[in-house]
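Q: Got a structure here, written out as structure tokens. Questions coming.
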Amino acid sequence: MTSEEGRGAGDGADDAVMRLAERHLVQPWPVSGSIGAEARGRLDAGDGIYVTDAEGRRLIDGPAGMWCVNAGHRNRALAEAMAGQAMALSYNSPWYTTNAPSAQLSARLAGHAPNGLDHAFYTTGGSSAVETALRFAQFANNVKGRPEKKLIVSRQGGYHGSTYLAASLNGRPRDHDWMDSAADLVVKLTCPDPFRRPAGMSVGQFCDVLVEEFRQVIEDRGADRIAAFIAEPVMASGGVIVPPEGYLLRMGQLCRDNDILFIADEVVTAFGRLGHVFASKEVFGIEPDMITFAKGVTSGYFPLGGVMIAGRLFEELRRSNHSDAMFAHGLTYSSHPVGCAVALKNLDLLEEGLLDHARAISGHFQNSLKALEELPLVGEVRGLGLMACVECVADHESRNPLTLDIEVGKRIDRHCQELGLLVRPLIHMCVMSPPLTISLAQIDEMVAILRRGIELTMDDLVREGLWKG
């Protein structure tokens, strides 16, 4: 940094931070036309469900950061837990020492997880959590003398991370357009999106087709070659896709019948987003072999993720003939004491009322957003708990997305920001997943702003000749 740049940032000039970002900061998911020379909208403060941008506007944080600020911004209890642990023990090497918060957190998470998932391995986020689960599945099969049992089954529309193996599972085409992946290790099933099911097919029939597809893949590829099936209970970044009723239970049964590990990717759905610490069993009735988590585990106050793993899997390894086989996987920041201390306090907040509050208001949240379906641009509003998606379409009959303007979600977000709301735009969709602390009145305010943002976008599209209305 030059002295001029440093003074600019310190002086608080309106554009100083943006200039620094353009010159030195590489943003996530950039396009080549602006990579390494991009500055995105600046946020300067947060409080409760609100954030304040560089222009001083107070905005409802509709996406809760990135599905993660569950306890809200500026939560003093979490900040004090972070500071207190940093002053007590800021770091220890997980290679040869243990800290108390990580052990205590593991026990408490085991108490909330489905029966048998009583061990936790900690990472730095969701991508590394999924990577850990996959590598453990590979390791376990190697130790068991099954090196050919390595295929991972995921779904179109799913999202599981940005690290190499985790990203290979992603089912969104744009994620793979310019990026390499371990495609030879992955089989992708049809996206379980009832809104996009074939015309004339009932939701129940659609579910039958999805399950039969998996059964056929097992038969064609061979159960002896498939290591795991991974699924988000609700597809988050794919557009809050809630699968047909009974789908996950039936997929889980196929896994059990064929000795395939079932990995529930709860990076988004855990820690209150669906009203429970873990949603797998409480909401969907499933008992996976592993659950990946991150985001809401610390409400975004510290980078932490992890995997809950069934104890029986460790027992099987301990009974093997390869007692010297090493699971050569770990991170410098595995079991970080500060992160685990924040997660413990975050669990306190959830258990002491935030989970109850999330469950109590989720019906109003879903019903209020559902009313937006009366708008001509809105094809469907779907969701569960405190996560929802507004999907825009060119017309209700064909349910085609707006093919002439893939930026419709960003248009809505721009209008909403002018009115006091941040939206998570996903091409022709808008995702809403506010902090769990949101009140009924704040939900009404959020929905009213979103409605007006969509109305203004409809006016824009008609005026520009991109949509007939």
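Readers should treat all values here as calculations from the given coordinates under stated rules, not as data from a laboratory. Bear in mind the structure is a predicted one, so any value in this text is a computation, not a measurement. Quick reminder, even Gly has a Cβ in these numbers, built from the backbone with ideal geometry, and neighbours come from all protein chains shown.
Q: Show that you can apply the helix-only estimate: for the chain, add -39,500 (n - 2.57) for every DSSP H stretch of four or more residues, divide by all residues, and state [θ] at 222 nm to the nearest 500. Before the final figure, lay out the partial values.
A: Numbers: 15 runs with 179 residues, N = 469.
Mean residue ellipticity at 222 nm (helix-derived): -12000 deg cm²/dmol.
Q: Could you please tell me the mean projected area of the C-alpha convex hull for segment 76-350, averaged over all directions and given in square nanometres to one decimal?
A: Working: hull surface 59.8 nm².
The number I arrive at for segment 76-350 is 15.0 nm².
Q: Let me ask something else. How big is D for segment 10-71, in µm² s⁻¹ as a whole number, if Stokes-Einstein is applied with the Kirkwood radius of its Cα pairs at 4 °C and 1.567 mPa s?
A: On the way: Rh = 13.2 Å.
It comes out at roughly 98 µm²/s.
Q: I would also like to ask the following. Quote the charge dipole size of segment 416-463 about the Cα centre in Debye, to the nearest 20; the model charges only the Cβ of Lys and Arg (+1) and of Asp and Glu (-1).
A: Using only the charged Cβ atoms, the result is roughly 120 debye.
Q: Residues with amide H under 5 Å of VAL187's amide H, sequence separation 5 or more or different chain, H placed in the peptide plane at 1.01 Å from N; which?
A: Under 5 Å from the amide H of VAL187 lie the amide H atoms of ILE152, VAL153, SER154, each far enough along the sequence or on another chain.
Q: Another question, then. By how many nm would the segment from MET201 to ASP15 grow when fully extended, if each residue of separation counts as 0.36 nm and the alpha-carbon distance is taken off? Walk me through the intermediate numbers first.
A: On the way: separation 186, 0.36 × 186 = 66.96 nm, distance 5.40 nm.
Taking MET201 through ASP15 to full extension adds about 61.6 nm, to one decimal.
Q: Right, another one. Which number gives the lysine pairs in segment 76-350 that have C-alpha atoms under 20 Å apart and are eight or more places apart or on different chains? Before the final figure, lay out the partial values.
A: Numbers: LYS149/LYS188; LYS150/LYS188; LYS281/LYS295; LYS295/LYS345.
Here the count comes out as 4.
Q: Given Cα positions, please report Rg to Rh for the chain, the hydrodynamic radius being the Kirkwood one.
A: Values: Rg = 22.7 Å, Rh = 23.5 Å.
My calculation of the ratio gives 0.97.
Q: When all alpha-carbon pairs of segment 97-229 are counted, what percent fall beyond 26 Å?
A: Numbers: 3356 of 8778 pairs.
Counting pairs separated by more than 26 Å, the tail of P(r) holds 38 percent.
Q: For a quick check of your reading of the filter: which GluC sites (Glu not before Pro) in segment 239-305 sit in a DSSP loop and have no more than 13 other Cβ atoms within 10 Å?
A: Numbers: sites: GLU245, GLU266, GLU282; in loops: GLU245, GLU266.
The qualifying sites are GLU245.
Q: Another question about this same structure. Can you list the GluC sites (Glu not before Pro) in segment 422-469 that are in a DSSP coil and have 11 or fewer other beta carbons within 10 angstrom? If you can, show how the numbers build up before the last one.
A: Values: sites: GLU445, GLU455, GLU464; in loops: GLU464.
Loop-located and lightly packed - GLU464.
Q: Using mean Cβ contacts within 10 Å as the protection proxy, how do 164-176, 112-124 order, highest first? Kindly include the intermediate steps, with their values, before the conclusion.
A: Details: 164-176: 18.9, 112-124: 20.7.
Those peptides, ordered most packed to least, come out 112-124, 164-176.
Q: If you don't mind, another one. Where both residues lie in the chain, what percent of DSSP beta bridges are antiparallel, nearest 5? Please list the in-between numbers first.
A: Numbers: 31 of 47 bridges.
Rounded to the nearest five, the antiparallel share is 65 percent.
Q: Once the Cβ-Cβ distance between ARG174 and GLN216 is put in as r, and R0 is 25 Å, what FRET efficiency do you end up with, to the nearest 0.05? Kindly include the intermediate steps, with their values, before the conclusion.
A: Details: r = 28 Å, r/R0 = 1.10.
According to the calculation, E is roughly 0.35.
Q: Turning to a different aspect of this structure: Roughly how far apart, in whole Å, are the Cα centres of segment 276-338 and segment 372-449?
A: Between the Cα centres of segment 276-338 and segment 372-449 lies a distance of 33 Å.
Q: Here is a follow-up. Restricting to segment 76-350, compute how many DSSP beta bridges are antiparallel as a %, nearest 5.
A: Working: 10 of 24 bridges.
Percent antiparallel among DSSP bridges in segment 76-350 is about 40.
Q: Quote the convex hull volume per residue of segment 146-223, based on C-alpha atoms, as a whole number of Å³.
A: Per-residue hull volume (Cα only) is 107 Å³.
Q: With no solvent and one equal point scatterer per Cα, compute the Debye intensity ratio I(q)/I(0) for segment 1-152 at 0.09, 0.13 Å⁻¹ and report its log10, rounded to two decimals.
A: Summing over Cα pairs of segment 1-152 leads to -0.54, -1.01.
Q: Diagonalise the Cα gyration tensor of segment 34-122 and give the resulting equivalent ellipsoid semi-axes, square root of 5 times each eigenvalue, largest first, whole Å.
A: Values: eigenvalues 218, 62, 52 Å².
Its equivalent ellipsoid spans semi-axes of 33, 18, 16 Å.
Q: In nm, give the distance between the simple-model label positions of GLU407 and ARG312, each being 7 Å from the Cα along the Cα-to-Cβ direction.
A: 5.3
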